[in-house]
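Chemist: The structure is given below, and queries will be raised subsequently.
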Amino acid sequence: MKFLRSLFQFQGRNRTEPDKVITAGSFSFVAGIVNIVGILAIGKLTTNVTGHFGFFIHEFSQNNIWQGVHFLLYIIFFFLGSFFGSILLHHFWKEKRLNVFVIPILIEVVLLLGVIIFSSYFNFLDYPNAIAHVLLFTMGMQNAYVTRISRTVIRTTHVTGLFTDFGIELSSLFYTKDPQAQKKLRYTIKLKILVISFFLLGGIVGGIAYTLFKLEIKTLYLGIAILIFYLFYDIIKFQFKYRNIGKAIGMRK
């Protein structure tokens, strides 16, 4: 019961630098897996909407209205996921009664699990647009809650934006003289390299699992495993942290 209480206990807004590193690596790895599964299983981009905007405009310019609507729906579902994820965080931060990661991660796990089950047993792969909608909603939600919790330091699915920020910060490093500002820049640069690397690694591992090990859509189980691992890590870290704080307070008394 104590463990279950800690699962849903509010853990504050502040995340340490090691927390952010583990958060960045874990969620970008999951995004990399989802990205490659989307491409291999249904031929769709499922972690960002940059390309979908281009396809949407192209189809409408060619008077292919219905096909254009499909791409518009991809954009809308990613937006809805982002909106929903942010609403969840606002609510839990305001109430201060819940570990802010629990519900978003559990929803993400359920959505990914639903894609696996319906694709494996109910021919859901015959409806690629529906799968794309679910995965885009899921990745929009993940990107939103990780971005909010990390105070906009980490974006796990928006690789285009990451490379833009990476270039800006790297160039700024040559002109920043203040040691503290340089230290902060080096940290954010390293974090972005980590996110990009783990997104790539997730894609490679996911691609190998999908093709060589014939897991196909079940490759998403790897992403689910990472999410569950992260959730338990967050809970255990929280318990350890506050047990030590409690001991320190007891010693002062």
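Chemist: Output the qualifying pairs, or none if there are none: Cβ atoms under 8 angstrom, residues six or more apart or on different chains, first residue in the stretch 115-142 and surrounded by 15 or more Cβ atoms within 10 Å (Cβ to Cβ), second residue among the acidic types (Asp, Glu).
Modeler: Going by the 8 Å Cβ cut-off, the qualifying pairs are 138/108; 141/108; 142/108.
Chemist: For the stretch 143-155, enumerate the residues that are in contact (Cβ under 8 Å) with a residue 60 or more places away in the chain and among the hydroxyl-bearing types (Ser, Thr, Tyr).
Modeler: 145, 150
Chemist: Also: Which of the following residues is among the basic types (Lys, Arg), at pLDDT below 90 and either out of contact with any Asp or Glu (no Cβ under 7 Å at 6 or more places or on another chain) or part of a helix (DSSP H, G or I) (or both): 214, 190, 218, 237?
Modeler: The match here is 237.
Chemist: Shifting gears a bit: Search the stretch 150-198 for residues being of a type in the set (A, V, I, L, M) and out of contact with any helix residue (DSSP H, G or I) (no Cβ under 7 Å at 6 or more places or on another chain), and hand back the single one that is nearest to residue 91 (Cα to Cα).
Modeler: It comes out as 193.
Matching residues to (1) at pLDDT below 90; (2) over 23 Å from residue 137 (Cα atoms); (3) buried (at least 17 other Cβ atoms within 10 Å of the Cβ); (4) of a type outside the set (Phe, Trp, Tyr):
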{"residue": "158", "(1), (2), (3), (4)": "yes, no, yes, yes"}
{"residue": "161", "(1), (2), (3), (4)": "yes, no, no, yes"}
{"residue": "177", "(1), (2), (3), (4)": "yes, yes, no, yes"}
{"residue": "195", "(1), (2), (3), (4)": "no, no, yes, yes"}
{"residue": "203", "(1), (2), (3), (4)": "no, no, yes, yes"}
{"residue": "206", "(1), (2), (3), (4)": "no, no, yes, yes"}
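Chemist: I'd like to know if the stretch 36-46 contains one or more residues that are at pLDDT below 80, farther than 17 Å from residue 129 by Cβ and out of contact with any strand residue (DSSP E or B) (no Cβ under 7 Å at 6 or more places or on another chain).
Modeler: No, the stretch 36-46 contains no residue that is at pLDDT below 80, farther than 17 Å from residue 129 by Cβ and out of contact with any strand residue (DSSP E or B) (no Cβ under 7 Å at 6 or more places or on another chain).
The values are calculated or read from the model by the stated rules, or taken from the named source; none is laboratory data. Keep in mind it's a predicted model, so treat the numbers as computed, not measured. For neighbour counting, all protein chains shown are included, and Cβ atoms are generated from backbone atoms with ideal geometry for every residue, glycine included.
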